[in-house]
Each structure stands twice: as structure tokens, then as C-alpha cells.
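First the structure, in the form of C-alpha cells, and then the observations on it.
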Amino acid sequence: MTDESNNQPFDRDPTAADAQPAETQPEITPATRRRSRRFVFWVAYTLLLILFVSLGILGGFYLSYVVDLPEVEALEDYQPSVVTEIFADDNTAIGQLYLERRKLVSPNDIPLQFKQAVIAIEDKSFNSHFGIDIQRIIQSAILDLFHMKIVRGASTITQQLSKLLFLSPEVSLERKIKEAILAIQIEKNYSKDRIFAFYANKIYFAHGNYGIASASEFYFDKSVKELTLSECALLAAVIKNPRRYSPLLSPENAKNRRNLVLQEMCDEGFITTAQLEAARKEPLRIVGKEMDKNFAGYFVEMVRQYLQRNYSNKQIFTEGLKVHTTLNREMQASSERAMSEGLRAYDRRKGWRDKLRNLLDEDPSLRLDRYRLPDWRDEPVAGGVRTGLVLEVGPDRAVVRIADYIGELGRDGIKWTRRKAVDQVLRRGDLAEFRVVKVHPGQRKLELSLEQVPAVQGAFLALENRTGAIKALVGGFDWTLSKFNRAVQAKRQTGSTFKPFVYTTALLAGATPDDVVLDEPLTFVDDLGVEYAPRNYTNEFKGNITLRQALAESINIPAVRIGLAIGIPNVIRTARKFGITSQLRPYPSIALGAFEITLLEQVSAFSTFPNDGYRMEPYFIQRIEDYHGNVLEEHKKNVHEVIPGDTARDMISMLRGSVEFGTSQKAKSLNAPCAGKTGTTNDFTDSWFIGFTPSVTAGAWVGFDEKKSLGDDETGARVALPIWIDFMKDYLKNHPPERFPAGTEPYLSKAPTSGEPVIGPRRKVIEEDLD
């Protein structure tokens, strides 16, 4: 038996025999290294490919928005829609035409406190962000997620501007992305001051007002430079929700948000605590100033019609034209007041019509103490006429609300109605017109008399003799009730106001004012066998009478005799030289104004007499400028030589005779040189007066649109002349005394009571032609 130990190697470690064999590391060969490098390359390549593809997708996604976005550089030439303004001759605005009521202000004109107010409440980081506010976006997102609804917006002022200028108001992710991109681009191209100015001129402030300038005028009746801290804060408050925070619609909401804006301004260090407390205590003083559309309404509409004939709608309603007109505000106010009073005086003579709107008939449950009318924002003034609501009524008195005043109407205030008791005229709940006789401001009480809207209409026009500029124009009682402009559109029979053209023709034919014509019954048969027999207003005849007296007293038959003697076609030719373009036919009745002519034609024609025989073409637009002040058109005088100067002076003398001792004698109350002619048509359908001073010619017409009688004895002297006199009283107060040229003095020359009716060869022509 052999020993096993003899078979073991001599160097073997007995403990190692039981140990596990160690893992051997593979040998890294060059081939392995090459495989590793290829693997890393393809991984990197794949990652880069993914990165580039992702960037391409993102770039394409970005471009898909950007290519559709407008170029923000266009803001350099951007001009938002602005108002076209119509100015009177003193450069004050009398009308506006617009799609958006906006006036632009430069960055330097925007009050610092308004800018601070908007920044404090709308975008605290405006001065530091690059168009979007990342921190605000994150905070808003967290709040929205926490509340599961939109709690706070994250749009900056620049984002709001980009939306207003370039994007639609739809709420979508796509729009928000575009809004952010545009905001960043705007910030890269424009300074903060210009961005804010774009915003301040574009934003909506309720009630049709866009931009801070229009809002300042509307709410406070002042320019932006005059705004106080409290007013700046209020305007900033409106921006978030113009309807909800309008101080007119929701004064409590507006005041609360104004105070919030003030607090935010204080927190941001824009104002002190003392300023905060003082501004908070200020009440809301809101004017709500609308352009008075009734003041010069017919004139402004005439301007608009002219613009629409000569300019595009885009120019008129969006490009901010400046239209400088000839209208004089004082003369216009006088003409409107005179026309209103004249028509009301006539209407009162015809009695009470008993046609009123009653609110309780419409809604028996209505609380009268809570009812308000839009025009009640204005304080009542003595002499004015306002709409009032009847709260209580009895036989002796009525209690009436006008704004926050309580008025009392007694029996004396209804005398003209020919009713004995107040409750025979008014009922509780009636809306009626009242004249404010006296105001007691401390007690908030009024003394009233009853009025009514006239059923009759009228027109008035005044122009400057030496230029033809229309200084005042009234086309009806109330432009808001009727847009028909009776001063330039209505053609009416002129009555005796046409006679001056007949007498002028006679003078041109060689007659003189002191020549004699026969005032006796006349019957004329025309070529068709139609008999025409004019009559005098009084049905009396004076026999021999001078031309001067016949015109002054407006006697009809002498005018017809003269017209027939000198030839009706010649009268028409004279009228044409005076600027009468309306249709005239060669009938004898033309001498008595049987054909229809506009008030504008008549007034312009009469202005020839005080202008020494020259007629200036009437006009109402002085010049038109574009928004930048470039003159687009300017009026050029158009002069017509109508009659010789000595003939014009003779006619002045004869027409002054109408005032001194004829049908126009009421005008003597002016105690100033004036001349003119009354006119009344058959059946008292039309009432006229056309008159002039050395510098101004004006005319008044009164009548019904449907051409019905004004009533017995409602002549030009009774109805139209008082309107002209009231206007002239105001005009003469504000203008120095004037004189007509020498040789125009009025005097009454009477013809001999017997003998030949005509004296001298020139005068004999008149009678021989009649024979």
C-alpha cells in the first residue's frame, strides 16, 4: 500500500485546495476597444439626432406662430382710430365723428401718477421685465391649480398691448403663446415710455371712450395734464373691467377699486401714506361729459354730409380730420334760444294739446321716487326748460321731480293752457316739460311753469356780409327729434320777402324809390285765359303810392303792377343774379313770393344789399386738416357782383323804411340801424323775416312741415320777426354800434293824392306797360 501523501506535489498549500478559483479579467484587445468606441458614437449620435429633431420640431412650432404674427416694427407708423373733430370759429369743438372716441397723447403728456397707478394695479414689474413676467406666471399657475379656477391673470402691460393691437380676444393657449412672443418682440424694439403710451392711448375706458385723453375729458371735463392723484387712480381702476368699474354705472364698485389702486401705489412706494389717506377721502366727482349733440346739431350734420361727399369713411371716422368751420358759438346759442322761445310762444297761443307720456300707464307698479332720466345729470338753471316727472297733483298745485330737486307748479304756471285746475292738465306719473322760474339751491327746490314741445317748426340762418361765412344755423326746433334741416333743405313760398327783387329790378330799369305806382284793384288774364286778381292783406287800396311806401308797408298790388311793367322774366333774371337757384316760373304771382325757395338762398341774396351790391358765396367750412396738421382744403372767397352800389344803397334805404314805418316796426326796439322784410304766404302757411345790419344778415322762417295754416293773423311780423329780434339783441350786445353808408337813411315819401300816378319819363314806363 502506498502512502497518498507521497502523491501530493511538494509545493501545494493545503488550505488553498479548499478555496474557490479567482475570476480572471478578460483581456481588452484592440478589437474590443473599437467596438466600444462605435457604441459610444452611435449613442451620442442618437442623442444628438433626437436633440436636433426636437429642436427642429420646437423651431417649427415656434415658426408656425411667428410667421403668422405681424411685424412689431409696424408700431412705428401705427395710428389707432382717432376722432374727427369739428371746430367753431374760436377753435372750440362742436362735434365729433368716430368709430372709437379717442384722442392721442404723447409719452411726455401722460401724468406720472397715472402711469404709476396702472403699474401698481396691473403690472408691478413693468419697468424690469422683458415682456413677460416668469415669476408672476408661475405664481398665477399655482394659485389657479390650488383653486381649480383662474384666480389671477399673469399678462403684463406689454402682453395686454400685443393682444389689443394684433390679436383676437379669444381665450386659447395658441393666443397666449403668440401674445408672449409679440410682447418680447415689442420690448426689444421700443422703450418702456413708448410702450406705455401705446397702451394708454389704446385701452378702453367705458362709455365709448378709448385712451386716457378721451376718458379724462369724458369723466372729468379736463385735459390729462390736469388730472389729480385720485382721478388717475380711478381711471386705472376702470381698465380691469370698464363696465363693472365705470363710476357712472357702478360708483361704489369704482370707488372701492380706486381705493385699492391707491393702496397698491402706496405699497409700491409711489405715494406717501398721507397722500393715500387724502385721496381716499375724495368723493367721486364725475361729469360724464358727452358732446351736446343738440347744440348746432343741424350744422354739424351739414358738415358730416359735406365730408362724406368729399372724403372716404376711413378718413372721416378713423383718421382724425380737423374741420375748422365758420360757426360762431355765441351766435349759434343765441339763434337756438331765440328759435326755441319763438316757437314756444306761438305754440302757447294755440293752447294745450294734452298729449303726455305717463309712466304709470306703462307700468302701474313703477316706483316714481326711484325713476331717473338721463338728462337729470345736469343741474337745473333758472330760465331753462327741463323734463320733469309729476309725483303728486291736485287742483292747485303739482309736485314735480327734476334731477334731485323737487319743483312746485301752481295755477299761475298753467294759465296759458286755458284750464282752471292743475289736475285738469297733469296726472301723477306724467313726464312733461317745465320752465324753471326760480331755483332754491339750498333747499333743492324749484318754482316751475308748464311748457310743451311745439308742434310747429322753424329755421334760422345768419351769415357775415363781407365774407359769406355762415355764423349760425338752426334747422328745426330740436335736432334730436327731427333731422330734416329746414334752413337748407326745405323749399317754401317766400311771400313778401321776394318783393325786394321786384323793386331792385325796377331800380335797375331806371325807377327811383320815390316814383309812384297805382294801388288799385287789378285783374290780369294770362295767355291761357287764366284770371289772376291779387289782393292786399287789408283789402284796402291807397291809390297813388311811392315805391318806397309800397315796399315798406308790403302792399301787394303795387308789387304785381311793377313786376308786370318791367317784365316778370326780368325779375327772374335779377333773382338769379342774387343767387336764387330754385325753380322760378314767369307768372305774375312771383312778385308776391309764390314760388318755393330755401332760407339759405334768401339770406344770402339779402346780404347783397349791405355789401354794396356784392354777394359773397355762402360757406361753412374754413379749412380741413389731417391729423398731423396738413391742410387738405381751404376756403377761397367767391365774389359775385350783383347790382351797382347806388342801387344797393337805395334798397337799404327802402328796407330800412320797413323797420321805421312799415311792417317790421317791432325791430325799432333794437335801437340800432337795421333793415329787412317780413313775409307771409296765403292762408298764413309760412311766416318769414329776412333782415340785416351793416355786418350780418339773418333770416327766420316758421311753419308746419305739412304746409298747413299757422292760424289767422300769424304773420311774419308776429311769428318770425320776434325770433330775429331776440337773436339780434344778443348779437348787438357783443358788437360795437355800426352805421350804414351815407345815402341809406329811411324816410317816408308819399305820392300826391291826385293827378298822374307817374311823374317823369322813366316812371312813365311803368304805367304805360301796364296799359
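The values are calculated or read from the model by the stated rules, or taken from the named source; none is laboratory data. Computed from a predicted model, the values in this text were never measured in an experiment. No Cβ is skipped: glycine too gets one built from the backbone with ideal geometry, and neighbour counts run over all protein chains shown. The accessibility values were calculated without ligands, DNA or RNA, using every heavy atom of the protein model including side chains. Shrake-Rupley method; radii C 1.70, N 1.55, O 1.52, S 1.80 Å.
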Check: When Leu448 is evaluated against the numbered criteria (1) within 18 Å of Leu391 (Cβ to Cβ); (2) under 26 Å from the mean Cα position of the chain (by Cα); (3) open to solvent by less than 30 Å² (accessible area, probe 1.4 Å), which criterion, by number, is the only one it fails?
Finding: (2)
Check: Is it the case that some residue within region 535-551 is under 19 Å from Gln493 (Cα atoms) and of a type in the set (S, T, N, Q)?
Finding: yes
Item checked: Residue check for Ala236: open to solvent by less than 60 Å² (accessible area, probe 1.4 Å), at pLDDT 95 or above and out of contact with any Ser or Thr (no Cβ under 8 Å at 6 or more places or on another chain) -> yes
Checklist line | Residues that are exposed (fewer than 13 other Cβ atoms within 10 Å of the Cβ) and of a type in the set (A, V, I, L, M), drawn from region 239-282 | finding: Ala274
Next item on the list: Could you pull out the residue among Arg401, Arg353, Arg386, Arg348 that is basic (Lys, Arg), closer than 30 Å to Gly716 by Cα and in a strand (DSSP E or B)?
Entry: Arg386
Next item on the list: Could you list all residues from region 402-417 that are surrounded by fewer than 20 Cβ atoms within 10 Å (Cβ to Cβ) and at negative phi?
Entry: Asp404, Ile406, Glu408, Gly410, Arg411, Asp412, Lys415, Trp416, Thr417
Check: Which of the residues that make up region 70-127 are small (Gly, Ala, Ser) and in contact (Cβ under 8 Å) with a residue 40 or more places away in the chain?
Finding: Ser81, Ala88, Ala93, Gly95, Ser106, Ala117, Ala120
Next item on the list: Please verify whether region 404-415 includes one or more residues that are farther than 22 Å from Ser340 by Cα, in a helix (DSSP H, G or I) and not aliphatic (A, V, I, L, M).
Entry: yes
Next item on the list: Tell me which residues, restricted to region 467-505, are among the polar types (S, T, N, Q), open to solvent by less than 30 Å² (accessible area, probe 1.4 Å) and within 24 Å of the chain's Cα centre (by Cα).
Entry: Ser482, Asn485
Margin query: If I filter region 568-620 down to residues being farther than 30 Å from Leu307 by Cβ and hydroxyl-bearing (Ser, Thr, Tyr), which single residue comes out as surrounded by the fewest Cβ atoms within 10 Å (Cβ to Cβ)?
Written below: Tyr587
Item checked: 1 or more residues out of contact with any helix residue (DSSP H, G or I) (no Cβ under 7 Å at 6 or more places or on another chain): qualifying strands (runs of 3 or more DSSP E) within region 467-553 -> 470-474, 543-546
Notebook entry, point to check: Going by the conditions given, is Arg285 part of a loop (DSSP other than H, G, I, E, B) and either open to solvent by 40 Å² or more (accessible area, probe 1.4 Å) or touching a residue at least 24 places away in the same chain (Cβ under 8 Å) (or both)?
Noted result: yes
Next item on the list: Take Lys240 and decide whether it is under 21 Å from Gly95 (Cα atoms) and assigned to a loop (DSSP other than H, G, I, E, B).
Entry: no
Notebook entry, point to check: Based on what the data block shows, is Asp375 of a type in the set (D, E, K, R) and more than 24 Å from Ala455 (Cβ to Cβ)?
Noted result: no
Notebook entry, point to check: Restricting the search to region 372-401, which residues are within 29 Å of the chain's Cα centre (by Cα) and open to solvent by 50 Å² or more (accessible area, probe 1.4 Å)?
Noted result: Arg372, Pro374, Asp375, Arg377, Asp378, Glu379, Val381, Ala382
Check: With respect to the numbered conditions (1) open to solvent by 10 Å² or more (accessible area, probe 1.4 Å); (2) modelled with pLDDT of 95 or more, which one is the sole condition not fulfilled by Ser658?
Finding: (1)
Margin query: Can you report the number of residues in region 174-197 which are within 37 Å of the chain's Cα centre (by Cα) and over 14 Å from Ile132 (Cβ atoms)?
Written below: 7
Check: Quick one: is Gly320 touching a strand residue (DSSP E or B) at 6+ places or on another chain (Cβ under 7 Å) and in contact (Cβ under 8 Å) with a residue 40 or more places away in the chain?
Finding: yes
Notebook entry, point to check: Out of all the residues in region 452-466, which are open to solvent by 10 Å² or more (accessible area, probe 1.4 Å) and part of a strand (DSSP E or B)?
Noted result: Gln457, Glu464
